[in-house]
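Following: one structure in structure tokens, then a few remarks.
The values are calculated or read from the model by the stated rules, or taken from the named source; none is laboratory data. If you're wondering where the values come from, they're calculated on a predicted model, not measured in any experiment. Counting neighbours? That spans all protein chains shown, and the Cβs are built from the backbone with ideal geometry, glycine included.
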Amino acid sequence: MSLAIEQTERVPLTAGSDGVIRVAGTRVTLDTLAEAYQEGATAEEIVQQYPTVSLADVYSVFGYLLRHPAEVTAYLDQRTAQQATVRQENERRFTPQGLRARLAARRS
């Protein structure tokens, strides 16, 4: 019996039309798995928290994170910048100042 070693096993990541990278077939983002990994979560813990992701896929993504640290860091930095831009835009459009008073006025 010999063990078949595949050199071209694919990483289960797909980029959506919005540019967000997710685990294939799920809504779980690469951001989520990378953050959990950086915080020390095990693959098993991640699967318990996100049951739509298989254990094999989590380990495969971990391998990708370890093999491509510069690319992943650049992607995560870009996503952080995009999130900050969206947050600033939302805060500009929907200012939180006076929110409590507006909500209280609605109740009355």
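Consider R102 carefully, then state whether it is modelled with pLDDT under 90 and assigned to a helix (DSSP H, G or I). Yes: the conditions hold for R102. Between L55, L65, the distinction of being surrounded by 10 or more Cβ atoms within 10 Å (Cβ to Cβ), in contact with an Asp or Glu (Cβ under 8 Å, 6 or more places away or on another chain), free of Cβ contacts under 8 Å to residues at least 40 places away in the same chain and under 28 Å from T26 (Cα atoms) belongs to L55 only.
Residue-by-condition table, conditions (1) of a type in the set (A, V, I, L, M); (2) within 21 Å of D77 (Cβ to Cβ); (3) assigned to a helix (DSSP H, G or I); (4) at pLDDT 95 or above:
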{"site": "S2", "(1), (2), (3), (4)": "no, no, no, no"}
{"site": "E9", "(1), (2), (3), (4)": "no, no, no, no"}
{"site": "T14", "(1), (2), (3), (4)": "no, yes, no, yes"}
{"site": "D18", "(1), (2), (3), (4)": "no, yes, no, no"}
{"site": "R22", "(1), (2), (3), (4)": "no, yes, no, yes"}
{"site": "V47", "(1), (2), (3), (4)": "yes, no, yes, yes"}
{"site": "A56", "(1), (2), (3), (4)": "yes, no, yes, yes"}
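Of all the numbered requirements in (1) at pLDDT below 95; (2) exposed (fewer than 12 other Cβ atoms within 10 Å of the Cβ), E71 misses one, and that requirement is (1). Selection over the range 87-99 of residues that are assigned to a helix (DSSP H, G or I) and either exposed (fewer than 10 other Cβ atoms within 10 Å of the Cβ) or touching a residue at least 24 places away in the same chain (Cβ under 8 Å) (or both) gives a count of 2.
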